[in-house]
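Q: I'd like to ask some things about the structure below.
The values are calculated or read from the model by the stated rules, or taken from the named source; none is laboratory data. As the structure is a computational prediction, the values presented were derived from the model and not from experiment. Cβ: placed from backbone, ideal geometry, glycine included. Neighbour counts: every protein chain shown.
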Amino acid sequence: MLITPATFFKTQGSVVSTTDLVSFWKLDESSGTRYDAHGSNDLTDNNTVGQGTGTVYANAADFEVTNNEYLTVADNAGLRPANFTFSCWVKLESKRAQSIIASKDVYNSNATREWVLDYESGFDRFNFYVFYNSSGGWDLVQANNFGSVSAGVWYHVCLTCNNSEITIRINGGTADSTSVTSSPRNTSSSPPFALGSFFSSPGTTTAGAEMDGLIEAAGLWSRVLSDAEITALADSSDPFYDQF
């Protein structure tokens, strides 16, 4: 994106820093590859992810569960930082038993599980799972402070992970947190990064628990963002978004 002088001065008004930003996906393309506007992790389109109306940008990626649609990029070292923040906007079109929003997870292989952001109707919550050993041990934090989720509504979801705790925060509100049992997994046999699904077995493109809904303005940082940065990201008009 060409940054004009006017846009440059607008972006300076945000407290959100691109320091340690690994990738940022606007997800406003009409179809096909979704480009990384900051890094080199372009997302491959699987089964023709469509386009819907966004809340940060004019358009967003629209995932149809009936067509098993998802976006993915192969694992690399930059996509598995020890400490990280993941931020995105999401709108569910239906409240399914499990809807994977973002993941680095092959769920039938305990050795290749890292983390999952999902919605589960049984909890009626957004959930953040982090896996910490080759036996599939996991820690879970749920967005209980925010509470139940409605279909057809845009939410900002932000996850943070370090060696002591994981957190989830919805719409910049009060974070839920839990201590981690052990350091999150970070191995060279890591799964792909995916939006809209996770994977059923190693070495395949067989997805599972695909979501029915929209995602846009997704970013991954190799650090834990400050409270002020997370609050700013929850404002869809924050100048941070204008630079991409």
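Q: From the list PHE84, PHE126, exactly one residue is in contact with a Lys or Arg (Cβ under 9 Å, 6 or more places away or on another chain) and of a type outside the set (Gly, Ala, Ser). Which is it?
A: Step by step, each of PHE84, PHE126 is checked, and only PHE84 is in contact with a Lys or Arg (Cβ under 9 Å, 6 or more places away or on another chain) and of a type outside the set (Gly, Ala, Ser).
Q: Let me ask something additional. Kindly evaluate ASP105 against the criterion of being surrounded by fewer than 20 Cβ atoms within 10 Å (Cβ to Cβ) and in contact with a Pro (Cβ under 7 Å, 6 or more places away or on another chain).
A: no
Q: On to the next question. Here is a list of conditions, (1) touching a helix residue (DSSP H, G or I) at 6+ places or on another chain (Cβ under 8 Å); (2) over 19 Å from VAL22 (Cβ atoms); (3) crowded, with 23+ Cβ neighbours inside 10 Å; (4) modelled with pLDDT of 95 or more, and GLY172 meets all of them except one; can you say which number that is?
A: (3)
Q: Continuing with the same structure: In the range 78-86, is there at least one residue being within 14 Å of the chain's Cα centre (by Cα) and of a type in the set (S, T, N, Q)?
A: Among the residues of the range 78-86, at least one is within 14 Å of the chain's Cα centre (by Cα) and of a type in the set (S, T, N, Q), which makes the answer yes.
Q: Looking only at the range 190-207, count every residue that is surrounded by 12 or more Cβ atoms within 10 Å (Cβ to Cβ) and at pLDDT below 70 and tell me the total.
A: 6
Q: Sticking with this structure for a sec: For the range 54-81, what are the residues that are touching an Asp or Glu at 6+ places or on another chain (Cβ under 9 Å) and either more than 19 Å from GLY219 (Cβ to Cβ) or exposed (fewer than 15 other Cβ atoms within 10 Å of the Cβ) (or both)?
A: Result: ALA58, ASP62, GLU64, VAL65, THR66, ASN67, ASN68, GLU69.
Q: Here's something else I'd like to know. Would you kindly identify the strands (runs of 3 or more DSSP E) lying entirely within the range 125-244 that contain at least 2 residues that are of a type in the set (Ser, Thr, Tyr)?
A: By residue number, 154-161, 176-179.
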